[in-house]
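Participant: Quick one: structure below, then a few questions.
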Amino acid sequence: MEVRRSILFVPGNNPGMVQTAGLFGADVLVFDLEDAVAPSEKDAARDLVSMALAEVDYGRVDKCVRLNSLDTFCQADLEVIVPSCPDLLMLPKVHRAQDIVELAGLLDGLEGPYQGKIGILAIIESPQGLAEAYDIARSHERLMGLLMGAEDYTAMVGSLRTKAGHEIAVARSLVVNAAAAAGIESFDAVFTDVNDEEGLAADSLLAKNLGFTGKAAINPRQVKTINDAFNPSPGEIAYARLVLKSLRQAEREGSGVASVGGKMVDAPVAKRAEKVMELAEKLGLPGAGDE
Amino acid sequence: MKSVLKAAQAGTLESNDVMIIVEPGENGINLDLESIVKKQYGAAIAATIADAAKALGVTDVNVKAIDRGALPYAIRARMVTALERAGIGPERGA
Amino acid sequence: MINAIGRDIPDYIEGFGQVKHYRGAFATLPGGNAYGPPIRASRPGAVKVCSGLEELFKLLGLKSGMTFSFHHHLRNGDEVVNQVLAVAAKLGLKDIGVSLTAAFATHAPMIGHINNGVVTSLRTSGVYGPLAVAISGGLLPGPVVLHTHGGRPRAMAGGEHRVDVAFVAAPAADERGNVSGVSGPSACGSLGYAFSDADYASVVVAVTDNLVPFPLAPASIPQNKVDFVVTVDSLGDPQGIVSGTTKVTKDPVGLKIADTAAKAILASGLLKDGFSFQTGAGGASLAAAHYVGRMMREGRIRGGFALGGITGYMVDMLEEGLFKNLYDVQSFDLESVRSLGRNPSHLEVSADLYANPFNPGCLVNDLDVVILGATEIDVGFNVNVVTGSDGVLMGAAGGHPDTAAGAKMTVIVTTLLRSRLPIVVDRVIAATTPGETVDVLVTEYGLAVNPERPELRERFIKAGLEVKDIHELKALAQSIAGVPERIPQGERIVALVEYRDGTIIDVVREAAE
């Protein structure tokens, strides 16, 4: 998948949910071996996810597995999961750059000779992880994104977790900035009230406006709302089209200055328009592409 | 050829899952199957379970399976887990 | 003979008689005049009330070989059928024909009455529970006849199905025989399925546990239709009558199907002022109503009517002004029972007005869209709703074939698989609703359009819906679950699927062991 707006967590030991996970339009599926699986069932979940990766047709999505942390069952997870070729692996409780380097080393040892390199997503969910977010973000070429883990983070900091999310405002921006500085993607935390569709829509829009490239979903019902929020709006696409047109016109006319509606198109405006149009084209949204 | 050392169990009775209990046995793979889709998929389920056992080198085992409409991938996975828990194959224990 | 949907049906069936073969949804027409019951007279001061069923049997001289009819508005809470048949058995009656609009688990005692020869035939729209399993195994001497909700009043009006005594379970009745369903300990709302019984049975008996002072008004069935009123201790278990509050599913797969169905309705162009709609009470059907309601609100669309089995959800839509009227043939929950009793825009309708194809204006013909379920659907869009994938009886034809024939667009909603079993198949076990009356199939893996409706297909594609060929969906189901083995079936015919026009569209054979 070229665009990753939504990443859907799927309990790794639930055959019903594992088999239908691909039906809801999520860009990334994360089969969870960590929090969703009891310690006594880790082996069963590994076998189930491994077989699902090999046999179930999930279409054009990124298939990811959330591992257990490096200090618990990660090694055993990798031995079963790596041979079934997930696109990505998600490592929880990443506190420092060395954690990613260590995981990458384990992957080097386990990947087959003809197997593509598996990418890594890191969950930043501790004060230390957040403090070291930039170092983590540029720790290894396998790392393609950071995910904000708000529940663990607020618990460790001692802040009150609220729907409005003021307590994680700075943390969110630090994750966005660290990822942007390293040129990788950033994903916002899950919105835990699965019955509050309006709250989710607002939270997703906030995440997009903060600069996150996508957001995690804890229930299939959340996927569409997240995708809709991260899709460029028709207004954004129309404006980007005008900006790009005026730039081309200015170029043709040899004039150094382009303008839309009397306002000069400067470099940041042009950059934003290009990004919007690129995303709209990848998603095949109406109004995207050449006229 | 490997043999099952002890009784072990994997899976649940939730819909789309299968609970598999393996026990030491002789004379091949003996399956006692209970399934809500037995009429339509009884033979297919038996084949999936036998294939999973053979893939781990197991030729003699008694299997009890209570199926709630699991797809082949889930049946295979539960069988592998049950056999691993019974001492077959690489110890990947949690 | 091979009928119009390719089913090989015998011309004569033991225990039933000569078969009229299905020739197409609108190919068979009626002739002649309507049947009439005996004319009765009443004098001032005549007493109708009778203090028990046994007394009534003796008073009327009820005897072996008669046909007794019942409605199923008390659903799985009904005890009236059991009480009446127990008296028949006690008095030594044999060879009774039972006409019951639907049979539930609560009617399992009928198994004993059939084994003892008290009951020897059954006409119903569908059978559930132990009785269904027993009939599938060959319990009855002849086949059970499965009719549609519209087919029953048609058969009664045509005189093909004659009832000697109609036992009308009455949640409220007065001493003159006025009957209502909206009050009393066994309140069930609409009594729509019983209206034809009151019109055509030779004797009409209201059975009540709630005798109220005369006059009971408004009455669903008025005193000029009712010969006797029998009082009993209880009509049944109120817990089994209504399903409490019907809620929209939270299952993401069901919601995805419902969302797609609603988008298809929007894309069809039928969703505009005056929109008329019917949907079931099942998970995905009700959720589809939820999404349709949202689109109506957003588009400021004011619908005409909603029809059929009514739930609290439809009542909310009525009260919000999304529909002008509800036409209620069956009230599914307490909210709809209450609404029917107090809201003049919520109207009780008979099965005849609802769905009888042989009258000058059944309401199903005025439906824009109906959303229906399926236990199986085949690549010819024929739908089975009377048996499971294993060929055992487990459902009701109900209004399925009627509404599908009447509506401008018929949408079947179902998961592609149910417990590993593919729902889209090459050939359904018992065709209940013919493919020519089904337009769209919606599954969680995309939707398929009947090739006879290319214009709908165009509209759906234009709207960006995931349109697939039905063969493609069938193949997908098999690739996920594997190809199921064919269910072996015995020779003996245990059920006839009667189409709404009285022809036989399919048969169900004995479940083989």
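The values are calculated or read from the model by the stated rules, or taken from the named source; none is laboratory data. Please read all numbers here as calculations on a predicted model, not as lab measurements. For neighbour counting, all protein chains shown are included, and Cβ atoms are generated from backbone atoms with ideal geometry for every residue, glycine included.
Participant: Going residue by residue through the stretch A:22-37, is there one that turns out to be over 20 Å from the mean Cα position of the chain (by Cα) and hydrophobic (A, V, I, L, M, F, W, C)?
Facilitator: Just the residues of the stretch A:22-37 that are over 20 Å from the mean Cα position of the chain (by Cα), to begin with: A:37.
Filter once more, keeping what is hydrophobic (A, V, I, L, M, F, W, C): A:37.
Scanning the stretch A:22-37 turns up at least one residue that is over 20 Å from the mean Cα position of the chain (by Cα) and hydrophobic (A, V, I, L, M, F, W, C).
Participant: Related question: Report whether or not B:Leu56 is of a type outside the set (Phe, Trp, Tyr) and in contact with a helix residue (DSSP H, G or I) (Cβ under 6 Å, 6 or more places away or on another chain).
Facilitator: In short, yes.
Participant: If you take the residues in the stretch C:364-400 that are in a helix (DSSP H, G or I) and surrounded by 23 or more Cβ atoms within 10 Å (Cβ to Cβ), which one is farthest from the other protein chains (Cβ to nearest Cβ)?
Facilitator: So in the stretch C:364-400, the residues in a helix (DSSP H, G or I) come out as C:364-366, C:400.
Within this subset, residues satisfying the condition of being surrounded by 23 or more Cβ atoms within 10 Å (Cβ to Cβ) are C:364, C:400.
On the way: C:Val364: 33, C:His400: 24 Å.
Taking the candidates together, the pick is C:Val364.
Participant: Ok, one more. Considering the stretch A:1-21 alone, what residues qualify as being more than 14 Å from chain B (Cβ to nearest Cβ) and not basic (Lys, Arg)?
Facilitator: Those that are more than 14 Å from chain B (Cβ to nearest Cβ) and not basic (Lys, Arg): A:Met1, A:Glu2, A:Val3, A:Ser6, A:Ile7, A:Leu8, A:Phe9.
Participant: Another question, then. Quick one: in the stretch C:480-492, of everything that is of a type in the set (A, V, I, L, M) and in a loop (DSSP other than H, G, I, E, B), which residue is farthest from the other protein chains (Cβ to nearest Cβ)? Reasoning before the result, please.
Facilitator: Initial filter on the stretch C:480-492 (of a type in the set (A, V, I, L, M)): C:480-481, C:483, C:487.
Remaining after also requiring in a loop (DSSP other than H, G, I, E, B): C:483, C:487.
On the way: C:Val483: 8, C:Ile487: 6 Å.
Of everything passing the filter in the stretch C:480-492, C:Val483 is farthest from the other protein chains (Cβ to nearest Cβ).
Participant: A further question follows. For the stretch C:141-185, give me the residue count where each residue is touching a Gly at 6+ places or on another chain (Cβ under 9 Å), polar (S, T, N, Q) and assigned to a loop (DSSP other than H, G, I, E, B).
Facilitator: The qualifying residues number 2.
Participant: Do we find a residue being without any contact (Cβ under 8 Å) to a residue 60 or more places away in the chain and part of a loop (DSSP other than H, G, I, E, B) anywhere in the stretch C:472-479? Write out each step before concluding.
Facilitator: First, the residues of the stretch C:472-479 that are without any contact (Cβ under 8 Å) to a residue 60 or more places away in the chain: C:472-473, C:475, C:478-479.
When the remaining residues are screened for being part of a loop (DSSP other than H, G, I, E, B), the result is none.
The answer is no; no qualifying residue exists.
Participant: Tell me yes or no: at least one residue of the stretch B:38-48 is within 10 Å of the chain's Cα centre (by Cα) and in contact (Cβ under 8 Å) with a residue 24 or more places away in the chain. Break it down into steps so the answer makes sense when it comes.
Facilitator: Initially, the stretch B:38-48 is screened for residues within 10 Å of the chain's Cα centre (by Cα), giving B:45-46, B:48.
Filter once more, keeping what is in contact (Cβ under 8 Å) with a residue 24 or more places away in the chain: B:45, B:48.
Yes, the conditions are met somewhere in the stretch B:38-48.
Participant: Might you let me know whether the stretch A:102-122 holds any residue that is away from every other protein chain (no Cβ under 14 Å), within 30 Å of C:Arg420 (Cβ to Cβ) and in a strand (DSSP E or B)?
Facilitator: Taking the stretch A:102-122 first, the residues away from every other protein chain (no Cβ under 14 Å) are A:102-109, A:111-122.
Those left that are additionally within 30 Å of C:Arg420 (Cβ to Cβ): none.
Within the stretch A:102-122, not a single residue is away from every other protein chain (no Cβ under 14 Å), within 30 Å of C:Arg420 (Cβ to Cβ) and in a strand (DSSP E or B).
Participant: Just the residues that are closer than 24 Å to A:Ile123 by Cα and facing another protein chain (nearest Cβ under 10 Å), please, taken from the stretch A:45-60.
Facilitator: The answer is A:Ala45, A:Arg46, A:Asp47, A:Leu48, A:Val49, A:Ser50, A:Ala52, A:Leu53.
Participant: Evaluate the stretch A:61-72: report whether one residue or more is within 11 Å of chain B (Cβ to nearest Cβ), in contact with a helix residue (DSSP H, G or I) (Cβ under 7 Å, 6 or more places away or on another chain) and among the hydrophobic types (A, V, I, L, M, F, W, C).
Facilitator: no
Participant: Here's a check for you: in the stretch C:403-423, which residue that is of a type outside the set (Gly, Ala, Ser) and within 14 Å of chain B (Cβ to nearest Cβ) is farthest from the chain's Cα centre (by Cα)? Before the answer, list the steps.
Facilitator: As a first pass, look at the stretch C:403-423 and keep what is of a type outside the set (Gly, Ala, Ser): C:403, C:408-418, C:420-423.
Of the ones still in play, those that are also within 14 Å of chain B (Cβ to nearest Cβ) are C:415-418, C:420-423.
Values: C:Thr415: 22, C:Leu416: 24, C:Leu417: 24, C:Arg418: 23, C:Arg420: 27, C:Leu421: 25, C:Pro422: 25, C:Ile423: 21 Å.
Step by step, filter the stretch C:403-423, then rank; the result is C:Arg420.
Participant: Is the stretch C:111-120 home to any residue that is hydroxyl-bearing (Ser, Thr, Tyr) and outside the structural domain of C:Met156 (by TED's automatic domain parsing)?
Facilitator: Taking the stretch C:111-120 and keeping what is hydroxyl-bearing (Ser, Thr, Tyr), we get C:120.
Now narrow it down to the ones that are outside the structural domain of C:Met156 (by TED's automatic domain parsing): none.
No; the residues of the stretch C:111-120 include none that is hydroxyl-bearing (Ser, Thr, Tyr) and outside the structural domain of C:Met156 (by TED's automatic domain parsing).
Participant: Being within 14 Å of chain B (Cβ to nearest Cβ), modelled with pLDDT of 95 or more, under 30 Å from the mean Cα position of the chain (by Cα) and surrounded by 21 or more Cβ atoms within 10 Å (Cβ to Cβ), is that true of even one residue in the stretch C:461-473?
Facilitator: Residues of the stretch C:461-473 within 14 Å of chain B (Cβ to nearest Cβ): none.
No, every residue in the stretch C:461-473 fails to be within 14 Å of chain B (Cβ to nearest Cβ), modelled with pLDDT of 95 or more, under 30 Å from the mean Cα position of the chain (by Cα) and surrounded by 21 or more Cβ atoms within 10 Å (Cβ to Cβ).
Participant: Could you identify the single residue in A:Arg66, A:Arg46 that is closer than 21 Å to A:Phe187 by Cα and either surrounded by 23 or more Cβ atoms within 10 Å (Cβ to Cβ) or among the small types (Gly, Ala, Ser) (or both)? Even if it seems obvious, please write down each step before you answer.
Facilitator: Working: A:Arg46 fails: closer than 21 Å to A:Phe187 by Cα.
When all the criteria are applied, what remains is A:Arg66.
Participant: Still on this structure: Would you tally the residues in the stretch A:41-81 being more than 21 Å from the chain's Cα centre (by Cα) and more than 24 Å from A:Asp99 (Cβ to Cβ)?
Facilitator: Final tally of qualifying residues: 10.
Participant: Which residues, counting only those in the stretch C:213-260, are within 14 Å of another protein chain (Cβ to nearest Cβ) and either part of a helix (DSSP H, G or I) or out of contact with any helix residue (DSSP H, G or I) (no Cβ under 9 Å at 6 or more places or on another chain) (or both)? Show your work before the answer.
Facilitator: Step one: of the stretch C:213-260, the residues within 14 Å of another protein chain (Cβ to nearest Cβ) are C:247-260.
Matches in the stretch C:213-260: C:Pro252, C:Val253, C:Gly254, C:Leu255, C:Lys256, C:Ile257, C:Ala258, C:Asp259, C:Thr260.
Participant: Only one residue in A:Glu111, A:Glu141, A:Glu125, A:Glu79 is of a type in the set (D, E, K, R), buried (at least 22 other Cβ atoms within 10 Å of the Cβ) and at negative phi, so which one is that?
Facilitator: Details: A:Glu111 fails: buried (at least 22 other Cβ atoms within 10 Å of the Cβ); A:Glu141 fails: buried (at least 22 other Cβ atoms within 10 Å of the Cβ); A:Glu79 fails: buried (at least 22 other Cβ atoms within 10 Å of the Cβ).
Sole residue among the options that is of a type in the set (D, E, K, R), buried (at least 22 other Cβ atoms within 10 Å of the Cβ) and at negative phi: A:Glu125.
Participant: For the stretch B:15-35, which residues satisfy the criterion of being of a type in the set (Asp, Glu), surrounded by 15 or more Cβ atoms within 10 Å (Cβ to Cβ) and within 14 Å of chain C (Cβ to nearest Cβ)? Spell out the reasoning first.
Facilitator: To start, the set of residues in the stretch B:15-35 that are of a type in the set (Asp, Glu) comprises B:17, B:23, B:26, B:32, B:34.
Next cut, surrounded by 15 or more Cβ atoms within 10 Å (Cβ to Cβ) only: B:17, B:23.
B:Asp17 - this is the single residue of the stretch B:15-35 that is of a type in the set (Asp, Glu), surrounded by 15 or more Cβ atoms within 10 Å (Cβ to Cβ) and within 14 Å of chain C (Cβ to nearest Cβ).
Participant: Read through the list (1) within 14 Å of chain A (Cβ to nearest Cβ); (2) farther than 15 Å from C:Ile371 by Cβ, then give the number of the only condition that C:Lys272 fails.
Facilitator: It fails just one condition, (1).
Participant: For the stretch A:206-262, give me each residue that is within 30 Å of A:Asn195 (Cβ to Cβ), assigned to a loop (DSSP other than H, G, I, E, B) and either in contact with a helix residue (DSSP H, G or I) (Cβ under 7 Å, 6 or more places away or on another chain) or not hydroxyl-bearing (Ser, Thr, Tyr) (or both). Lay out the reasoning, then the answer.
Facilitator: The first filter runs over the stretch A:206-262 and keeps only residues within 30 Å of A:Asn195 (Cβ to Cβ), leaving A:206-236.
After this cut, where a residue has to be assigned to a loop (DSSP other than H, G, I, E, B) as well, the list is A:211-213, A:218-219, A:231-233.
A:Gly211, A:Phe212, A:Ile218, A:Asn219, A:Asn231, A:Pro232, listed by residue number.
Participant: Enumerate the pairs (first residue in the stretch A:183-194 and in contact (Cβ under 8 Å) with a residue 24 or more places away in the chain and of a type in the set (Asp, Glu); second residue anywhere and part of a loop (DSSP other than H, G, I, E, B) and surrounded by fewer than 24 Cβ atoms within 10 Å (Cβ to Cβ)) with beta-carbon separation below 8 Å, excluding pairs fewer than 6 apart on the same chain, so at least 6 apart or on different chains.
Facilitator: The qualifying pairs are A:Glu185/A:Arg4; A:Glu185/A:Thr213; A:Asp193/A:Lys163.
Participant: For the stretch C:82-126, what are the residues that are touching a residue at least 60 places away in the same chain (Cβ under 8 Å), in a helix (DSSP H, G or I) and aliphatic (A, V, I, L, M)?
Facilitator: The one that is touching a residue at least 60 places away in the same chain (Cβ under 8 Å), in a helix (DSSP H, G or I) and aliphatic (A, V, I, L, M): C:Val84.
Participant: Can I ask one more? Of all residues in the stretch A:189-222, how many are buried (at least 23 other Cβ atoms within 10 Å of the Cβ) and within 13 Å of chain C (Cβ to nearest Cβ)?
Facilitator: Counting residues in the stretch A:189-222 that are buried (at least 23 other Cβ atoms within 10 Å of the Cβ) and within 13 Å of chain C (Cβ to nearest Cβ) gives 3.
Participant: Step by step: first the residues of the stretch A:22-43, then only those that are away from chain B (no Cβ under 12 Å) and in a helix (DSSP H, G or I), then the one that is surrounded by the most Cβ atoms within 10 Å (Cβ to Cβ). Which residue is that?
Facilitator: That would be A:Phe24.
Participant: Please go through the stretch A:73-94 and give me each residue that is more than 14 Å from chain B (Cβ to nearest Cβ) and either among the basic types (Lys, Arg) or farther than 24 Å from A:Ala150 by Cβ (or both), ordered by number. If you could, list the steps in order and put the result at the bottom.
Facilitator: As a first pass, look at the stretch A:73-94 and keep what is more than 14 Å from chain B (Cβ to nearest Cβ): A:85-94.
Answer for the stretch A:73-94, where residues must be more than 14 Å from chain B (Cβ to nearest Cβ) and either among the basic types (Lys, Arg) or farther than 24 Å from A:Ala150 by Cβ (or both): A:Cys85, A:Pro86, A:Asp87, A:Lys93.
Participant: Taking the residues in the stretch B:36-78 that are polar (S, T, N, Q) and out of contact with any Asp or Glu (no Cβ under 9 Å at 6 or more places or on another chain) as candidates, determine which candidate is nearest to the other protein chains (Cβ to nearest Cβ). Explain how you work it out, then say what you get.
Facilitator: Within the stretch B:36-78, the first condition is being polar (S, T, N, Q), and the residues that meet it are B:40, B:48, B:59, B:62.
With the extra rule that they be out of contact with any Asp or Glu (no Cβ under 9 Å at 6 or more places or on another chain), the set shrinks to B:48, B:59.
Working: B:Thr48: 9, B:Thr59: 20 Å.
Result: B:Thr48.
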